[in-house]
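J.: Got a structure for you, questions after.
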Amino acid sequence: MSIQIKQKSVYVSDDQWDWAVWLVGTAAELDMIDHVIYTLHPTFPNPVRKIHTRRGGFRLKASGWGGFTIYIDVVRKNSEHIQLIHELELTDEPARLAVSHTRSISSVIVPANNLSLHEAMPAIKGIAKAFYRKAIEKVAERLPGSTVFVSGGIADADAVHRLSNSLAKLNVRILSADEIPNGVPFQIHIENMIGQASLAVFLVSGRPSMWMNQEIETAKRHGKHIVPVLVGSESELPETLQDFHSLRIDNLDSVADLAQGILKL
């Protein structure tokens, strides 16, 4: 299957746009699709939108103030999933982007001109990164002064909960990997959460899980300030966090003081 993603955007006022995204293909190709799941930026109310309407190419309509990455899951009637990525570009001119299907999430975008995919890809990647960065910056402008991503293993759930509550009392917005929206892959959710945070805190009392290691690598890739917190007197700093200054708490009664200390770093 080869389909196209088409979009249209219209400026309304006050840095707001009305926009739409839909699929274009042959009648036979579209008839094979049962529904399409669009995953928007997490700042949207109900960021996961499921469209069953075949007419109009499974069109999604929404409004917003900036471009961002849309993750698209095309679900065929035979239960096959085709995952795509589209960079929403807000202009007054309709934008057409042809997208070939792939089993894993990766963007394969061909501009509507005579350039080959190989020739156009560097420019496309640059534009995609610029729009994603602008969207993150716009989100940051609307967030409180401090936004902290907090994570820990199952054994440290109580400490994570107490630290999150203590930070919230200090007017800090807390982000975590909990409550992933339906249909959103774990890594995409983590990218969005950590991308918004000014600080990433990892509570460690044992060997980090595979999930926490993914979170740590994502925070490093985003260049976030990372604070490892060792829980218990015998906890050791894992290799993935050796390059960062760590804090330690010996008991949960000191979590309130820990929150104060984290914000002073």
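The values are calculated or read from the model by the stated rules, or taken from the named source; none is laboratory data. Computed from a predicted structure; not experimentally measured. Cβ: placed from backbone, ideal geometry, glycine included. Neighbour counts: every protein chain shown.
J.: Kindly list the number of the only condition in (1) at pLDDT below 90; (2) in contact with a helix residue (DSSP H, G or I) (Cβ under 9 Å, 6 or more places away or on another chain); (3) under 16 Å from residue 2 (Cβ atoms) that fails for residue 57.
T.: (1)
J.: List the strands (runs of 3 or more DSSP E) that sit entirely inside the stretch 171-250 and contain at least 2 residues that are farther than 17 Å from residue 154 by Cβ, assigned by TED's automatic domain parsing to the domain that holds residue 149 and under 18 Å from the mean Cα position of the chain (by Cα).
T.: Result: 173-175, 199-204.
J.: Does residue 84 satisfy being within 19 Å of residue 184 (Cβ to Cβ), surrounded by 20 or more Cβ atoms within 10 Å (Cβ to Cβ) and either out of contact with any helix residue (DSSP H, G or I) (no Cβ under 9 Å at 6 or more places or on another chain) or without any contact (Cβ under 8 Å) to a residue 24 or more places away in the chain (or both)?
T.: Numbers: within 19 Å of residue 184 (Cβ to Cβ): yes; surrounded by 20 or more Cβ atoms within 10 Å (Cβ to Cβ): yes; either out of contact with any helix residue (DSSP H, G or I) (no Cβ under 9 Å at 6 or more places or on another chain) or without any contact (Cβ under 8 Å) to a residue 24 or more places away in the chain (or both): yes.
Yes.
J.: State all residues of the stretch 247-265 that are of a type outside the set (A, V, I, L, M) and either modelled with pLDDT under 90 or within 20 Å of residue 172 (Cα to Cα) (or both); if no residue qualifies, say none.
T.: 250, 251, 253, 254, 257, 260, 261, 264
J.: Going by what's in this entry, would residue 173 be described as surrounded by fewer than 21 Cβ atoms within 10 Å (Cβ to Cβ), under 30 Å from residue 69 (Cα atoms), modelled with pLDDT of 85 or more and basic (Lys, Arg)?
T.: So residue 173 passes the test.
J.: Within the stretch 27-55, how many residues turn out to be touching a residue at least 40 places away in the same chain (Cβ under 8 Å), under 26 Å from the mean Cα position of the chain (by Cα) and over 12 Å from residue 73 (Cα atoms)?
T.: 4
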